[in-house]
Amino acid sequence: MSSARLLKLAVPLVNTHGFTREALARSVLTLPGKEAHAEPLSDTAVSALFGKGDIARRTLIRAWLDSGIRHMQSSPPGATLKQVLRARLEFNEPVLHLLPEAFATLASPTNGITLLDPRPALHHVVRIADEACNATTDASLQLAWYASRGSLAAIYTASELHQLTSPTTAYDFMDSLFDGSSSLKSSLDEVSLFSSYFVKSCKGIARSSGVF
């Protein structure tokens, strides 16, 4: 039984079962035809295939994030940066209420130290910014502001944070960041902008996880 195959089947189950070991256990129920199991995997089997405890949950979260990247890659030819990033925000919608805990799980250390590891969140937004640049043929990429991965990471980070607190206005908020990018560039250093939003994100994750 391939863990990679079951992991792929578990990703859609996140919508109904969250980023849980149960979602991984129930993946065998969705195998095609006669391959489908009558019962979910045992907890021992989940640990053997995906890791013990939260290691398995982290594996599922990373697989879901990978699926989000593939969703961006499926953008139609000629899509703009704004459309590609909007598609990524839309991918969040079914599990939006689960994301703070998911990011907290990725950031939580495994060695007992209470400090959060910011690298998974940083990797998340930088990867999205990089994929947005790769997936689009937007002519605005000729402009240094849009070509900068740091700038796009800042826009996406701010938009995703806004989405977590106000889902209905997230897209208008992101549009406003793009539309006001020229004035933003002249008044704010993009690295400082990204750092500000990133620190705010980490604090929000920490509060939601109950670490602090």
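Among the trypsin sites (Lys or Arg not before Pro) within region 19-64, those in coil by DSSP and having at most 16 neighbouring Cβ atoms inside 10 Å are K52. Other residues within the sphere of radius under 13 Å centred on the Cβ of F173, judged by their own Cβ, net out at -2 (K and R +1, D and E -1). Legend: ranking of residues T157, T20 from fewest to most surrounding C-beta atoms inside 10 Å; resulting order T20, T157. Once the Cβ-Cβ distance of T16 and F173 is raised to the sixth power relative to R0 = 35 Å, the FRET efficiency obtained is 0.80.
Amide H contacts of L31: H37, each under 5 Å away and 5 or more positions distant or on a separate chain (H built 1.01 Å from N in the peptide plane; Pro and chain starts excluded).
Quick note: the coordinates plus some simple rules give every number you see, no bench work behind them. Bear in mind the structure is a predicted one, so any value in this text is a computation, not a measurement. Please note: Cβ atoms are built from the backbone with ideal geometry, for glycine as well, and neighbour counts cover all protein chains shown.
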